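The block underneath contains the structure these notes are about, expressed in structure tokens.
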Amino acid sequence: MELKYVPLNNLHEKLGAKMVPFAGFNMPVRYSSDMDEHMTVRNGVGVFDVSHMGEFTLKGPNSLDLIQRVTTNDASKLVDGQAQYSCLPNETGGIVDDLIVYKMKDNDYMLVVNASNIEKDWNWISKFNTGGAEMRNISDATCLFAVQGPKAKGILQSLTQTDLSKIEYYHFAVGTFAGCPNVVISNTGYTGAGGFEIYCDKADGEKIWNAIFQAGKSEDIKPIGLGARDTLRLEMGFCLYGNDIDDTTSPLEAGLGWITKFTKDFTNSAALKKQKEEGVKRKLVGFKMIDKGIPRHDYPIVDATGSTLGKVTSGTISPILGIGVGLGYVLIDHAKPGTEIFISVRGKNLKAQVNKLPLI
């Protein structure tokens, strides 16, 4: 598959970013160090170029009906200017993708999907579009910048007349930003550090990026790569598609029961409802290492006798805690916070403890 490039690819290379292939795109993994970038976001402000993400618009009288049938959450509850975390269940109990549904106004929605799944999701949703909702894939025409950290709001406010303090969490506004019209300013993010995500036309991408950095100069704003994005989301216990959730993991096993609403019919809802009634056999949990060691994707999780309980789906050293942390699936009787588990690291079983999320 040919590598794709985000619109500001050359700018990232000029900034000295280490570029790596990710989800089919040439992406900046770090500019300085993961630790430095992580702490910049937790304590100050950093900007991620996540223009590789996918955006679809769904319009017309049957757009809500289509969203209701393909997603687990209840999009009928959305008001104009509200966003909702959701997922696309498949027909065999797993997840096609997780996504955010934005309600622009009645009969007008935007879906934001993972970069690696753009084509897969488009085909999946299209398959159910029997009512003729007007679907457009605007991924290649859209730039997305995540401006994250406690200082993000103050910096961004200087670039727009829109009152950012009025945009609640998981809400958004459309307005002029850095002199560019029709910019979506969304109080969402993948770091748990607060901040906004800015969706704009590709043609305005560089102008907006530069304006944000100019406005944030006095606050030591920095560009942030995918390395820190991963450690930040992991400290919060946010799922990453392809690691913690995939076509074989049910939303209920993944702790996404809160976005799975059985007040409506959706793909495979009957089977998932049955699973809820019977109880899941395994569950995604967060954990912290007690023994020294770094948990990694696919490392076995075992009990004190060495019997397999499951496996690590995501793991790292938490820059905030200075210890190994991770997510993984375990048998349900070992899923309670406080339960002792062991991570098998190169043949050694290292002690860890199941922890409530977030991990920090």
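Here, each number is a calculation from the coordinates, and none is a lab measurement. In this text the structure is predicted, and so the values were computed from the model without any measurement. Backbone-built Cβ (ideal geometry, glycine too); neighbour counts: all protein chains shown.
The separation of segment 5-19 from segment 228-253, counted between C-alpha centres, amounts to 26 Å.
Order these by the 10 Å Cβ neighbour count, fewest first: K348, K153.
Listing K348, K153 from fewest to most nearby Cβ atoms yields K348, K153.
In this structure the amide hydrogen of D247, modeled in the peptide plane, comes within under 5 Å of the amide hydrogens of I95, none closer than 5 places in sequence on its chain. Across segment 78-85, coupling constants 3J(HN,Hα) worked out from phi with the 6.51/-1.76/1.60 Karplus curve, θ = phi - 60°, read 5, 9, 3, x, 10, 10, 9, 6 Hz, and Gly and Pro carry x.
In terms of packing, defined here as the mean over residues of other Cβ atoms within 10 angstrom, the peptides 72-80, 188-196, 294-302 line up highest first as 188-196, 294-302, 72-80. Taking a ≥ b ≥ c as the square roots of the eigenvalues of the Cα gyration tensor, segment 281-360 is oblate, since a/c reaches 1.5 or more and a/b is not larger than b/c.
Would you kindly state how much longer the chain becomes between L15 and S165 on full extension, computed as 0.36 nm times their sequence separation minus their alpha carbon distance, in nm to one decimal?
Going from the current span to full extension adds 50.9 nm.
Give me the dipole magnitude in Debye, nearest 20, for the chain about the Cα centre, with unit charges on the beta carbon: positive for Lys and Arg, negative for Asp and Glu.
Details: 39 positive and 41 negative charges, 159 e Å.
Computed about the Cα centre, the dipole is about 760 debye.
For segment 245-256, backbone phi angles converted through the Karplus equation (6.51, -1.76, 1.60; θ = phi - 60°) give residue-by-residue couplings of 9, 6, 5, 10, 9, 7, x, 6, 5, 7, x, 9 Hz, Gly and Pro being listed as x.
Working from Cα pairs under 8 Å separated by at least six residues, relative contact order for segment 1-144 is 26 percent. I'd like the distance between the alpha-carbon centres of segment 277-295 and segment 319-360, rounded to an integer number of Å. Each part's Cα centre sits 5 Å from the other's. Per residue, the chain reaches -5500 deg cm²/dmol at 222 nm when only DSSP H runs of four or more residues are counted, each adding -39500 (n - 2.57). Computing FRET efficiency as 1/(1 + (r/R0)^6) for S158 and F22, where r is the C-beta to C-beta distance and R0 is 41 Å, gives about 0.85. Cβ-Cβ distance of N210 and W258, R₀ of 45 Å, FRET efficiency by 1/(1 + (r/R0)^6): the value works out to about 0.70.
The label-point distance for E91 and M35, in a model that sets each label 7 Å from Cα toward Cβ, rounds to 5.1 nm. In the neighborhood of I118, defined by Cβ-to-Cβ distances under 12 Å, what is the net charge if each Lys or Arg adds +1 and each Asp or Glu adds -1? Taking every Cβ under 12 Å from that of I118, the sum is -3. Normalised by the number of residues in the chain, the average gap of Cα pairs under 8 Å and 6 or more apart makes the relative contact order 17 percent. With both residues required to sit in the chain, DSSP beta bridges show an antiparallel share near 95%. Applied to segment 180-192, the Karplus parametrisation 6.51 cos²θ - 1.76 cosθ + 1.60 on θ = phi - 60° returns per-residue 3J(HN,Hα) values of 9, x, 6, 9, 8, 10, 10, 7, 9, x, 10, 10, x Hz, with x for Gly and Pro.
Note on R136 and N107: their simple-model spin labels are 1.6 nm apart, each label 7 Å out from Cα toward Cβ. Put simply, the amide H of I138, placed in the peptide plane, has neighbours under 5 Å in E55, F56, T57, leaving out anything fewer than 5 places away on its chain. Compute the FRET efficiency between M236 and T308 as 1/(1 + (r/R0)^6), taking r as their Cβ-Cβ distance and R0 = 30 Å, and round to the nearest 0.05. Computed FRET efficiency for M236 and T308 comes out at 0.65.
In what order do L64, L3 fall by count of nearby beta-carbon atoms within 10 Å, going from fewest to most?
L3, L64
Amide H to amide H, with H built 1.01 Å from N, L350 comes under 5 Å of I343, S344, V345, counting only residues 5 or more places away or on other chains.
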